[in-house]
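Read-outs throughout are calculated quantities, based only on the coordinates presented, and are distinct from any laboratory measurement. All figures in this text were calculated on a predicted structure; none of them were measured in a lab. For neighbour counting, all protein chains shown are included, and Cβ atoms are generated from backbone atoms with ideal geometry for every residue, glycine included.
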Amino acid sequence: MIARLLASAALAALTIGVMSTGPAMAQQGKLSGDMVKIGVLNDRSGLYADLGGEGSVIAARMAAEEFGNKILGKPIEIISADHQNKPDIGANLARQWIDQDGVDVIVDVPNSGVALAVQEVTKEKKKIFLMEGPATSRLTGDACSPTGFHWPYDTHALAVGTGQAMVKEGGDSWFFITADYAFGHQLEADTSVEVKKAGGKVVGSVKAPLNSADFSSFLLQAQASGAKIVGLANAGGDTITSIKQASEFGLTQSGQQKLAGLLIFLSDVHALGLQVAQDLVLTTGFYWDRDDESRAWSKKFFDRYGKMPTMVQAGSYSAVRHYLKAIEAAGTDDGPTVAAKMKEMPVNDMFAKNGTILPNGRMVHDMYLARVKKPSESKGAWDYYQILRTIPGKEAFASFEESGCKLPK
Amino acid sequence: MMGTIFGIPPQALFGQLLLGLINGSFYALLSLGLAVIFGMLNVINFAHGALYMMGAFVAWLLLTQLGIGYWWALLLAPLVVGLFGVVLEKTLLSRLYKLDHLYGLLLTFGLALIVEGAFRHQYGVSGQPYPIPDALKGGQNLGFMFLPNYRGWVVVASLVVCISTWIAIEKTKLGAYLRAATENPVLVQAFGINVPRMITLTYAFGVALAGLAGVLAAPIYQVSPLMGSNLIIVVFAVVVIGGMGSILGAVLTGYGLGLLEGLTKVFYPEASNIVVFVIMAVVLMIKPAGLFGRER
């Protein structure tokens, strides 16, 4: 046993030795550090870990494997870290990765607060930032960056999808339970605009601290408001708790009030169970059971992760794949050059069909309005959504002119 | 139209106070266990949140793996967690009694991280759903609010447990032995009482209370590896405000702070997760031993 351990240690040391002499012997390549280093930065232990987390790392790895883990003849390396939902930690990690560890691209970064901080760093360092986890539309609005890309969804698309759909069904008065940070505020603001545009009104809102254990107090306030729709402008664990406790307090049983989960991930529905989550209407950028291509990819993902992909995880695959294709086409990993190439090329993969990227980095693709199935409708594990409507990308996302981004077109 | 109190209709206020009382029940149960352990063992049990989470998970595993329902879980889960506590105390904690408090704190904090990490690795963070038992489904319309039966049950159960624990420690012979053993273990041992075993059982009882709170919490919250760490910091603040080691203090402060937090959620919701700490800071400045504590 000990001999074996020593042998493998020696082998490892040898490999490291070979690897570190590698770059010195190699010819002067067009890739910085003679490799493409992808850093997946997300919440790996907190309330958003299940919607991205290790799943996003696996998705990125699946994209790299399609290229044989090599690009322009050089290796692709993927590293990951936990930003703990703290903007300062996220920004510091990003800085360290770029300055010391030679990371070329940062991926995922859920939590809009952290993403806004990391966007500042990548903008300054001219590195590519592929955002799948964060929601706030400010990332392609006033806080946009020439090298930042926002992929599966944003608060604007969620507002258009769920907000308009609920008003059309007669839900014309709204009360918001809002996560008290950048993302929640933006989601509430964007949804309010869409609700008013469709002829509805907003009667009130309450700001709940992130990661609250008990939402009953906020739910009671929503109940007292008399609004027809209680909009949940929160995500992950907070959404799960609010929906569960809303059912406990009979918020929806009376038939007078309806819940609108403005941001619901597949992982949330899985955690809640169909019994509690049934009939929720939600907007998503991806559903695994959409067509043959998405099913085939999701099956492969499932075999490695044990869960079906959320739109964040599927989006991580799509964005990393597009990024690698752009490097191949541009022949370099220089941030601004690759960014320009990415914006030229259409996005065509199992995630998006003919997706286009706006000058502010917004990837425009079709979104889906879905309803959570009743337990009796579900044919088996992970059969959760019925797609009600495909929302064309142009309708779902703000145009470059509307976005408020000050980049040159 | 009825009048309002600070711009809030009184009915809404009653509802919020009741909700505060429900949350206070959990604070009281958890801080009671902490106070018992600190009072008897002088250990600041940072693993309390993890053991609370473990109680909820045991209930969930009993239900999903063995088909054993809520009422049995109410009995079995605290037993399992208590047994785990016996093992912890015998193998690890008992070695630290002669050292500074800090070592007990560090050890239990480390244990908490290990236990939580293990559960997180196995079950993810979104949590598992645990249904409300059939007998307690539905709710009562109180006029000013809809009270789910289950929440009412939580308040009753927690009151019963808190009061009986207080009686057992302050009014019975066993409680007298325990209190004597804290003051002077050598003398009590000389009277033929097995003090080390008593300490082990006290720790087991304290953590079993955490396990019980976990089972009570399972149908309300998701059974999630993070549920303990979300709560434990607040509970520590409760114990500090009440006075370390004071059982009555822990219970009363638990309910009181639950109420105060409930009110904050109405008047200034943004501050609802810090109000407890603000109070803690103020109490520490005015009465460093806590509201019900005595200077040692």
Per-residue HN-Hα couplings for segment B:118-133 [Karplus 6.51, -1.76, 1.60; θ = phi - 60°; Hz; x = Gly/Pro]: 5, 5, 5, 4, 7, 10, x, 9, 5, x, 10, x, 10, x, 6, x
Segment A:244-351, relative contact order [Cα under 8 Å, separation at least 6], %: 20 percent
Trypsin sites (Lys or Arg not before Pro) lying in DSSP loop within segment B:81-121, provided at most 13 other Cβ fall within 10 Å: B:K98
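Distances longer than 16 Å among the Cα atoms of segment B:50-149: what percent of all pairs is that?
Working: 3348 of 4950 pairs.
Here the tail beyond 16 Å accounts for 68 percent of pairs.
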For peptides B:19-28, A:47-56, sequence by mean Cβ density within 10 Å, most packed first: A:47-56, B:19-28
√(5λ) per eigenvalue of the Cα gyration tensor, segment A:198-267, largest first, Å: 18, 14, 12
Mean-position separation - Cα centroids, segment A:289-322 and segment A:185-250, in angstrom: 30 Å
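Relative contact order of chain B: what whole-number percent is it, with Cα pairs under 8 angstrom and at least 6 residues apart? It would help to have the intermediate numbers written out before the result.
Values: 448 pairs, mean separation 110.2, N = 296.
37 percent.
For peptide A:233-245, how many partner chain Cβ atoms fall within 10 Å of a residue's Cβ, on average?
Details: counts 0, 0, 0, 2, 9, 0, 1, 6, 5, 0, 0, 7, 4.
For this peptide, the per-residue mean of nearby foreign Cβ atoms is 3.
Quote the convex hull volume per residue of the protein assembly as shown, based on C-alpha atoms, as a whole number of Å³.
Details: hull volume 133.5 nm³, N = 705.
Per-residue hull volume (Cα only) is 189 Å³.
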Amide H contacts of A:A135 (H built 1.01 Å from N, under 5 Å, at least 5 apart or other chain): A:N111, A:S112
Chain A: most fluctuating residue of A:P392, A:P309, A:P134 per GNM, C-alpha cutoff 10 Å: A:P392
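Order of A:V109, B:V215 from fewest to most other C-beta atoms within 10 Å?
On the way: A:V109 31, B:V215 28.
If I rank by nearby Cβ atoms, fewest first, I get B:V215, A:V109.
Determine the calculated [θ] at 222 nm for the protein assembly as shown from helices alone, applying -39500 (n - 2.57) to every DSSP H run no shorter than 4 residues and normalising by the residue count; nearest 500 deg cm²/dmol.
Values: 27 runs with 384 residues, N = 705.
Counting only the DSSP helices, I get -17500 deg cm²/dmol.
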Nearest-ten-degree value, helix A:87-99 long axis tilted from longest Cα axis of chain A: 20 degrees
Beta bridges by DSSP in chain A, antiparallel share as percent, to the nearest 5: 30 percent
Degrees separating the helix A:2-25 axis from the principal Cα axis of chain A, which is the longest one: 80 degrees
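What chymotrypsin sites (Phe, Trp or Tyr not before Pro) does segment B:34-138 have in DSSP loop regions with at most 16 other beta carbons within 10 Å? Working shown, then result.
Details: sites: B:F38, B:F46, B:Y52, B:F57, B:W60, B:Y70, B:W71, B:W72, B:F84, B:Y97, B:Y103, B:F109, B:F119, B:Y123; in loops: B:F46, B:Y97.
Filter output for segment B:34-138: B:Y97.
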Under-5 Å amide H pairs with A:S80, H placed in peptide plane, nonlocal only: A:V40
Antiparallel bridges, percent of DSSP beta bridges restricted to the protein assembly as shown (to nearest 5): 35 percent
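Out of all DSSP beta bridges with both ends in segment A:24-172, state the antiparallel percent to the nearest 5.
Details: 2 of 20 bridges.
The antiparallel proportion sits near 10 percent.
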For chain A, built as a Gaussian network whose Cα springs stay under 10 Å, the top-fluctuating residue of A:T284, A:T178, A:T390: A:T390
Average beta carbon contacts from partner chains per residue of A:205-216, 10 Å cutoff: 6
Unmatched cysteines, the protein assembly as shown - criterion: no other Cβ of a Cys under 4.7 angstrom: B:C162
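Using the 10 angstrom Cβ neighbour count as an exposure proxy, how do A:Y317, B:Y177, A:Y384 rank, fewest first?
Numbers: A:Y317 27, B:Y177 15, A:Y384 22.
Ranking A:Y317, B:Y177, A:Y384 by Cβ neighbours within 10 Å, fewest first, gives B:Y177, A:Y384, A:Y317.
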Lysine pair count for segment A:312-399 [Cα-Cα under 30 Å; pairs on different chains or 8 or more apart]: 13
Under the Karplus curve 6.51 cos²θ - 1.76 cosθ + 1.60, θ = phi - 60°, whole-Hz ³J(HN,Hα) for segment A:381-398, x wherever Gly or Pro sits: 4, 6, 8, 10, 10, 10, 7, 8, 7, 9, 9, x, x, 5, 7, 6, 9, 5
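Of the peptides A:87-94, B:276-283, how do they stack up when ordered by the mean number of other Cβ atoms within 10 Å, highest first?
Numbers: A:87-94: 19.8, B:276-283: 16.5.
Highest to lowest by the protection proxy: A:87-94, B:276-283.
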Cα centroid separation - segment A:328-349 against segment B:132-155, whole Å: 58 Å
Alpha-carbon centroid distance for the pair segment A:64-137 / segment A:356-409, whole angstrom: 23 Å
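Too long at a 24 Å Cα-Cα cut-off: which of A:K30/A:K300; A:K70/A:K406; B:K98/B:K173; A:K125/A:K409?
Details: A:K30/A:K300 33 Å; A:K70/A:K406 36 Å; B:K98/B:K173 27 Å; A:K125/A:K409 21 Å.
As for pairs spanning more than 24 Å Cα to Cα, those are A:K30/A:K300; A:K70/A:K406; B:K98/B:K173.
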Peptide-level mean, for B:263-272, of C-beta atoms on other protein chains within 10 Å: 5
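Tell me, A:T332, A:T283, A:T241 in order of fewest to most beta-carbon neighbours within 10 Å? Before the final figure, lay out the partial values.
Values: A:T332 16, A:T283 28, A:T241 25.
Fewest-to-most ranking of A:T332, A:T283, A:T241: A:T332, A:T241, A:T283.
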Sequence-distant residues sharing a close amide H with A:S145 (under 5 Å, placed H): none
Hz values of 3J(HN,Hα) by residue in segment B:189-205 - Karplus curve (6.51, -1.76, 1.60), Gly and Pro given as x: 4, 4, 7, x, 9, 6, 5, x, 5, 4, 5, 4, 5, 5, 4, 4, 5
Chain A: mean projected area of Cα convex hull, nm²: 21.4 nm²
Overall Cα dimensions of chain B, principal axis frame, Å, largest first: 70, 51, 35
